[in-house]
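Asks: Sharing a structure below in structure tokens format, with a few things to ask.
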Amino acid sequence: MERNFNEKQKNEEQKELLESILMLEFEDNQNCLEKRKETIFQIIPELREIDGFEQKSPYHSYDVWTHTIKAIQKSIPNLEVRLALLLHDIGKPYSYQEDNDIRHFKGHPQKSAQMTQEILTRLGYCPKEINDICYLVEHHDELIDVSKESQTNQKMTQKLLHIQYCDAYAYAPEYIEKRIKILDEIKAQLEEKWNKKEDTKKGER
């Protein structure tokens, strides 16, 4: 009983420490995550595997850990968003296929979501938080289908789109502009759709 209590207390302390690191102001200190890398790895040992893990892809010029912190540094100060970005590629070392020295990562969002669920459960997050963050992780690499989006899931879609922008800004420089252009088009379509529905609601009042 005492052992379980101590374990729970330890996980709660680690959770609070991790959140305090993730919610730092990155604009003032671009290296703050790198400086706290060892602390983060002690809390989430699974992240050690992505440190220095080369992607060997034309779309990526950084190893997975460096890509991850660059993506987080582009994000808004929202805990769900930053946790999702921290863990969005954690499954890459376990889900890559190599062909002529080029690595492909088919299935990595699903593997990352599975690992995210295990990690967040261990740290004591509630089921809703876990489900939301796992959703963001699992769909981070999938372009949003505007036809399937509605106002009921608007907030989650906005978070997902923001994560995709952050992810894109951490691409290899020569691929950033192309990806951002695609995301800009999706964003414009989403906003048009949401605005139309809002106008319809106002007209019905």
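The values are calculated or read from the model by the stated rules, or taken from the named source; none is laboratory data. This structure is a prediction, so every number in the text was calculated from the model and none was measured. When we count neighbours, we look across all protein chains shown, and the Cβ atoms used for this are built from the backbone with ideal geometry, even at glycine.
Asks: In the stretch 144-192, what count of residues is obtained for those that are at pLDDT below 95, part of a loop (DSSP other than H, G, I, E, B) and of a type in the set (Ser, Thr, Tyr)?
Replies: The qualifying residues number 1.
Asks: Taking the stretch 133-143, which residues are crowded, with 19+ Cβ neighbours inside 10 Å and not in a loop (DSSP other than H, G, I, E, B)?
Replies: Answer for the stretch 133-143, where residues must be crowded, with 19+ Cβ neighbours inside 10 Å and not in a loop (DSSP other than H, G, I, E, B): Ile133, Cys134, Leu136, Val137, Glu138.
Asks: Inside the stretch 56-66, can you point out the residues that are within 17 Å of the chain's Cα centre (by Cα) and of a type outside the set (Asp, Glu)?
Replies: His60, Tyr62, Val64, Trp65, Thr66
Asks: Which members of the stretch 82-108 meet the condition of being out of contact with any His (no Cβ under 6 Å at 6 or more places or on another chain) and assigned to a helix (DSSP H, G or I)?
Replies: Within the stretch 82-108, Arg82, Leu83, Ala84, Leu85, Leu86, Leu87, Pro93, Tyr94, His108 meet the criteria.
Yes/no matrix, rows are residues, columns are (1) touching a Lys or Arg at 6+ places or on another chain (Cβ under 7 Å); (2) modelled with pLDDT under 95; (3) closer than 25 Å to Gln9 by Cα:
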{"residue": "Glu46", "(1), (2), (3)": "no, no, yes"}
{"residue": "Ile50", "(1), (2), (3)": "yes, no, no"}
{"residue": "Phe53", "(1), (2), (3)": "yes, no, no"}
{"residue": "Val64", "(1), (2), (3)": "yes, no, no"}
{"residue": "Pro93", "(1), (2), (3)": "no, no, no"}
{"residue": "His108", "(1), (2), (3)": "yes, no, no"}
{"residue": "Ser112", "(1), (2), (3)": "no, no, no"}
{"residue": "Glu118", "(1), (2), (3)": "no, no, yes"}
{"residue": "Leu123", "(1), (2), (3)": "yes, no, yes"}
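Asks: Inside the stretch 4-20, can you point out the residues that are surrounded by 16 or more Cβ atoms within 10 Å (Cβ to Cβ) and either farther than 13 Å from Ile43 by Cα or at pLDDT 95 or above (or both)?
Replies: Across the stretch 4-20, the qualifying residues are Gln14, Lys15, Leu18.
Asks: While we're on this one: Of the residues Glu16, Glu12, Glu38, Glu25, which is over 17 Å from the mean Cα position of the chain (by Cα), more than 26 Å from Glu174 (Cβ to Cβ) and outside any helix (DSSP H, G or I)?
Replies: Among Glu16, Glu12, Glu38, Glu25, only Glu25 is over 17 Å from the mean Cα position of the chain (by Cα), more than 26 Å from Glu174 (Cβ to Cβ) and outside any helix (DSSP H, G or I).
Each row is one residue, and each column tells you yes or no for (1) surrounded by 15 or more Cβ atoms within 10 Å (Cβ to Cβ); (2) not aliphatic (A, V, I, L, M).
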{"site": "Ile50", "(1), (2)": "yes, no"}
{"site": "Lys74", "(1), (2)": "yes, yes"}
{"site": "Glu98", "(1), (2)": "no, yes"}
{"site": "His104", "(1), (2)": "no, yes"}
{"site": "Cys126", "(1), (2)": "no, yes"}
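Asks: Let me ask something else about it. From the list Glu25, Glu49, Glu34, which one is touching a residue at least 40 places away in the same chain (Cβ under 8 Å) and farther than 23 Å from Leu160 by Cα?
Replies: Just a single option satisfies the conditions, and that option is Glu49.
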